[in-house]
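Below is one structure, written out as structure tokens, with a few remarks after it.
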Amino acid sequence: MKKIDKTTQWLQNHLTLLECPVCHDKFQRVIDQQLVCVNGHSININKHGYVYFLRHGVRSEYDRPMLLARRAILEAGFFRGILTKINQYLSKQAMTILDVGTGEGTPIVQLEKARSDVSDTYVGFDISRAGVQLATQLDTHAFFCLADLRQLPFADHSFDAIMELFSPSDYQEFRRILKKQGKVFKVIPTANYLHEMRELLYANNDQHQQYDNSAVRELFAQNFPQHEIVNINYQFAVPQNLRSSMIEMSPLHWGKNVRKLTDAEIQQLTSVTVDVDLLIGTVN
Ligand SMILES: [Zn+2]
């Protein structure tokens, strides 16, 4: 089945999950490879199988080479420990799950595989067209789209869970689209996260050597009084052929005082620390 036909079918079956980004009203039908809302606004379904809900262009620094490096690292299991932990908190029943800042889509597909015994509904969105294009090529039942975090094209109280790995949040929008008792799973780095890479890339006194997540935790707590925080800590052994991808996949190498590494230095990156806080908030 062609991607566009698969997506058309998905949209026909899940029309009530979505809302029109122009008038915020319901979509009524899918016709001629277009989503049409009750007020007659229409949005094309792309031939690659995704939908572009953005109303204006958004610049993303995640280009294709970086996204491909990221995919190689994620496929090697970089996020496995994080996804396993999130899955422990998810219902054993089928759920509707949104992945915020889905990038090239691997995390959502890995979660889908881990939960292959339940038929969840998965949606991933990003502002990076290169990311969403790569995501739609994956073997998955997930639906991918380009969308604006501040104006999500999803209906009120339509999702059971929101997953958000190292991405910005809009808590007001999250609360709007989550069902009652729905949950947000937000993953943020701690000071220890990827410290081996920071030490290689930056001088001792550089600001990139430090990171404090307390402000993010505080804002989360204000938005979700009913919440818990779980620390996740493990080492990821970086396969020898993926050490330069490990550096390339992270925004850490964009810093203005970044050191240029030699091949020998890149090969020193045998293992990295994944030390993150998983913030779990419940809508009451
Ligand atoms: Zn509309």
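List of remarks:
- The range 212-284, accessible surface, carbon-and-sulfur percent (1.4 angstrom probe): 49
- The HN-Hα couplings worked out from phi for the range 126-132 by the Karplus form 6.51 cos²θ - 1.76 cosθ + 1.60 (θ = phi - 60°) are 7, 9, 8, 5, 4, x, 5 Hz, whole numbers, x standing for Gly and Pro.
- Per-pair calculated FRET efficiency, R0 = 35 Å: His195 and Asn241 via Cβ, rounded to 0.05: 0.95
- Part-to-part distance (alpha-carbon centres) for the range 143-215 and the range 83-141, which is given in Å: 15
- Helix 3-13 and the longest principal axis of the C-alpha atoms of the chain enclose an angle of approximately 60°.
- Available extension along the chain between Gln137 and His157 is 4.3 nm, counting 0.36 nm per residue and deducting the alpha carbon span.
- Stretchable slack from Asn13 to Thr262, in nm (0.36 nm times residue separation minus alpha-carbon distance): 84.4 nm
- Between the amide H of Thr96 and those of Thr121, Asp160, Ala161, distances stay under 5 Å, these residues lying 5 or more places away or on another chain, with hydrogens modeled in the peptide plane.
- Cα-based Rg of the range 209-284 normalised by 2.2 N^0.38 Å, two decimals: 1.47
- Computed Rg/Rh of the range 33-90, alpha carbon atoms with Kirkwood Rh: 1.15
- Quarter of Cα convex hull surface for the range 5-154, i.e. mean projection, nm²: 9.0
- Of Met246, Met95, the residue with the largest accessible area leads and the full order is Met95, Met246 (1.4 Å probe).
- In the context of the full set of protein chains, the range 197-246 has a per residue accessible area of 60 Å² (1.4 Å probe).
- The figure for Tyr202 is an accessible area of roughly 0 square angstrom, using a 1.4 Å probe on the protein chains alone.
- Scaling against 2.2 N^0.38 Å puts the C-alpha radius of gyration of the chain at 1.03.
- Sorted largest first, extent of the range 148-284 alpha carbons per principal axis (Å): 53, 28, 26
- Only DSSP H runs of four or more residues enter the estimate; each adds -39500 (n - 2.57), and after division by the residues of the chain the mean residue ellipticity at 222 nm equals -8000 deg cm²/dmol.
- ³J(HN,Hα) computed for each position of the range 57-67 - Karplus, 6.51 cos²θ - 1.76 cosθ + 1.60, integer Hz, glycine/proline x: x, 10, 7, 10, 8, 7, 8, 4, x, 5, 5
- From most to least packed by mean Cβ count within 10 Å, the peptides 31-39, 121-129 give 121-129, 31-39.
- Rounded to 10°, Cα long-axis angle of helix 214-223 versus longest principal axis of the chain: 20
- Crossing angle, helix 80-89 versus the chain [Cα axis fit, 0-90 degrees, rounded to tens]: 50
- Rounded accessible area per residue of the range 26-135, 1.4 Å, Å²: 46
The values are calculated or read from the model by the stated rules, or taken from the named source; none is laboratory data. Predicted model only: the values in this text are computed from it and were never measured. We place every Cβ from the backbone using ideal geometry, glycine too, and count neighbours over all the protein chains shown. For accessibility, only protein heavy atoms count, side chains too; no ligands or nucleic acids. Shrake-Rupley method; radii C 1.70, N 1.55, O 1.52, S 1.80 Å.
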